[in-house]
Amino acid sequence: MAKRFQGKVAIVTASTQGIGFGIAERLGLEGASVVVSSRKQKNVDEAVVKLKARGIEVIGVVCHVSNGQQRKNLINQTIEKFGKIDVVVSNAAANPSVDSILQTKESVLDKLWDINVKSSILLLQDAAPHLQKGSSVVLISSIAGYQPQSSMAMYGVTKTALLGLTKALAAEMAPDTRVNCVAPGFVPTHFAEYITSNDGVRQTIEQNTLLNRLGTTRDMAAAAAFLASDDASYITGETLVVAGGMPSRL
Ligand code: NAP
């Protein structure tokens, strides 16, 4: 494997399983010192053990992304241990309801915006003073951001917002920091279990996918690593759809 992140320091939020873990692992295998995080200490500890077993330099910090103190602690611990930040992957999201938009409670709307959009902004506010020249931010959106489906409509809208946030932050953080986004298709993780574990739904998704399969965490990690790396050094403000050819037009 290439070592595009040798000497670099990467923070990945919500990275103790699923896509976030896959990204942390990929960056680490390519030489990055990695900071993994999620809400539960046990999950953080287990992820650290797994990554260390693969020879990756890693620390783990508990961070619920909507907790301001924990966000600051994530940045502080990173700086204390590694002294700088080169890559931030903002990966956390919630999808707490299958209600239609007009039926969604205000508290659920608040939670969706808080975790899926606002927390990325607030984390980057804390990270910005430590970001190196040539650093890179990757936001994780979703194919649902292009076509919000009925069972996840409001979630999809928050993911659409990330496409705009990517453009706006890219302009604000240029030229020293690039900001890009990955929009995954369906990947069978815990998060998507209610969709991908249903055989009928799964087959429908596969039929609507040119490549005729669901995505994998490795597919997403490869895309995020590309955008975060110097291979993408002339790319900023863009969203890479990694969805096997599912329709993705706004
Ligand atoms: P996942 O496998 O369920 O993993 C979720 C991870 O996030 C876990 O490590 C979890 O650990 C952590 N987490 C959950 N809530 C958190 C919070 N509030 N703060 C910090 N950490 C939190 O999920 P995934 O499928 O990989 O999803 C990752 C991202 O990909 C999300 O942004 C999602 O919208 C996006 N995405 C997923 C799919 C898909 O099909 N899977 C498709 C499109 C986009 P703890 O429980 O310890 O917190």
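Residues considered: Ile23, Ile75, Ile121. Largest GNM mean-square fluctuation over the chain, using C-alpha springs under 10 Å, is found at Ile121.
Compared with the alpha-carbon gap, the fully stretched path from Arg249 to Gln70 is longer by 60.8 nm at 0.36 nm per residue. What percentages, rounded to whole numbers, describe P(r) for the stretch 126-250 computed over all alpha carbon pairs with 10 Å bin width beginning at zero? With 10 Å bins starting at 0, P(r) equals 13, 41, 30, 13, 2. Taking the alpha carbon gyration tensor of the stretch 186-245, multiplying each eigenvalue by 5 and rooting it gives semi-axes of 27, 12, 8 Å, largest first.
For the pair Asn198 and Glu80 in one chain, pulling the backbone fully straight at 0.36 nm per residue adds 38.0 nm over the alpha carbon distance.
In this calculation the C-beta distance from Asp110 to Thr216 is compared with R0 = 51 Å, giving a FRET efficiency of 0.95. Kirkwood radius for the chain, taken over all pairs of different Cα atoms as the inverse mean of 1/r, rounds to 18.0 Å.
Checking every one of the trypsin sites (Lys or Arg not before Pro) in the stretch 2-65 against DSSP loop status and a limit of 11 other Cβ atoms within 10 Å picks out Lys3, Lys40, Arg54. The tail of the calculated P(r) for the stretch 1-102 beyond 16 Å holds 54 percent of all Cα-Cα pairs. Once C-alpha pairs closer than 8 Å and six or more residues apart are averaged by separation and normalised to the residue number of the stretch 1-111, the relative contact order reads 27 percent. Among Gly55, Gly18, Gly215, which one moves the most in a GNM of the chain with springs linking Cα atoms closer than 10 Å? Among Gly55, Gly18, Gly215, the largest GNM mean-square fluctuation belongs to Gly55.
The orientation-averaged projected area of the convex hull spanned by the Cα atoms of the stretch 40-187 comes to 9.7 nm².
For a label point 7 angstrom out from the Cα of Val49 toward its Cβ, which stretches of the stretch 3-24 have the backbone nitrogen within less than 19 Å? Inside the label zone: 15-18, 21-22. Here the stretch 102-163 exposes an accessible surface that is 55 percent carbon and sulfur, computed with a 1.4 Å probe and the other protein chains kept in place.
Taking every DSSP beta bridge that has both ends in the stretch 1-118, the antiparallel portion is near 0%. Using the structure shown, list the pairs from Lys8/Lys133; Lys3/Lys159; Lys105/Lys159; Lys50/Lys118; Lys3/Lys40 with a Cα-Cα distance above 21 Å, or answer none. Cα-Cα > 21 Å for Lys3/Lys159; Lys50/Lys118; Lys3/Lys40; rest within. Dividing the summed helix terms, -39500 (n - 2.57) for each DSSP H run of n ≥ 4, by the number of residues in the chain produces a 222 nm estimate of -12500 deg cm²/dmol to the nearest 500. What separates the Cα centres of the stretch 143-177 and the stretch 34-60 is a distance of 28 Å.
Amide H to amide H distances under 5 Å link Val179 with Val137, Gly237, where only residues 5 or more positions off or on other chains count and H is placed in the peptide plane. Pairs of Cα atoms nearer than 8 Å and 6+ residues apart set the relative contact order; for the chain it is 18 percent. Between Leu102 and Asp176, the modelled labels are 4.9 nm apart [label points 7 Å from Cα along Cα→Cβ]. Normalising the average separation of contacting C-alpha pairs (under 8 angstrom, six or more residues apart) by the number of residues puts the relative contact order of the stretch 104-250 at 28 percent. Ligands, DNA and RNA are left out, and with a 1.4 angstrom probe the accessible area of the chain is 47 Å² per residue.
The values are calculated or read from the model by the stated rules, or taken from the named source; none is laboratory data. Please read these numbers as outputs of a predicted model, since none were measured by experiment. Glycine gets a Cβ as well: all are built from the backbone with ideal geometry, and neighbour counts include every protein chain shown. With ligands, DNA and RNA removed, areas are computed over all heavy atoms of the protein, side chains included. Shrake-Rupley method; radii C 1.70, N 1.55, O 1.52, S 1.80 Å.
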